[in-house]
Amino acid sequence: MKNTKRLRGLLLATALLSTGTLAFSQQSDGQQSAPADNTTVNQRDRNMNEPAADQQKNNRSDRDITQQIRQALMNDKSLSTYAHNVKIITQNGQVTLKGPVRSADEKQAVEAKAAEVAGENKVTSELAIKAKK
């Protein structure tokens, strides 16, 4: 009985180690992985004239606006993960939306949710449509 448990443990450890080795060898075969969807957009955001998440104001009203928009997006299960993760930057009541979404309809839905919270003329959309590959 003791030997059977040891054998099972040894087999399990061997299987786990070989799986890890296989995964490692597949990743280090010299091929580069595809860049993230928003790599070039993130480079654009390094421009000091572009609003970025670190410029989000920390006053209560701006934080509340951002939180309410994020909550509205997360509560809409019809939206893609892209839409759930758009950048929301609020500065003195003005909201900037950035990031990829899956379709024109989704872009419009995100913009509408933001306008509903912040106000019709308080939203600047820099959302981009990123179609599925």
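Each value in this text was obtained by applying a stated rule to the coordinates, not by laboratory testing. Just so it is clear, the structure is predicted and the values come from calculations on it, not from any experiment. Here the Cβ is made from the backbone with ideal geometry for all residues, glycine too, and neighbour counts use every protein chain on show.
Add +1 for every Lys or Arg and -1 for every Asp or Glu among the other residues with Cβ under 10 Å from the Cβ of H84, and state the total.
Numbers: positive: R70, K77; negative: D76.
For residues surrounding H84, the net value is +1.
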V123 long-range amide H proximity, modeled H, under 5 Å: V95
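Report the full-extension gain for the segment A112 to K77: residue separation times 0.36 nm, less the Cα-Cα distance, to one decimal in nm.
Details: separation 35, 0.36 × 35 = 12.60 nm, distance 1.55 nm.
Result for the pair: 11.1 nm of gain on full extension.
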Mean Cβ count within 10 Å, highest first, over the residues of peptides 91-97, 126-132: 91-97, 126-132
A104 paired with K122, simple spin-label distance in nm, labels 7 Å along Cα-to-beta-carbon: 2.9 nm
Two-site label geometry, R8 and N92: point separation in nm, points 7 Å out along Cα→Cβ: 6.8 nm
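Once R0 is set to 22 Å, what does the formula 1/(1 + (r/R0)^6) return for the Cβ-Cβ distance between K130 and S61, expressed as a FRET efficiency to the nearest 0.05? Provide the component values of the computation, followed by the final result.
Details: r = 31 Å, r/R0 = 1.42.
It comes to 0.10.
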Interchain or long-range residues, amide H under 5 Å from A128's placed H: G99, V101
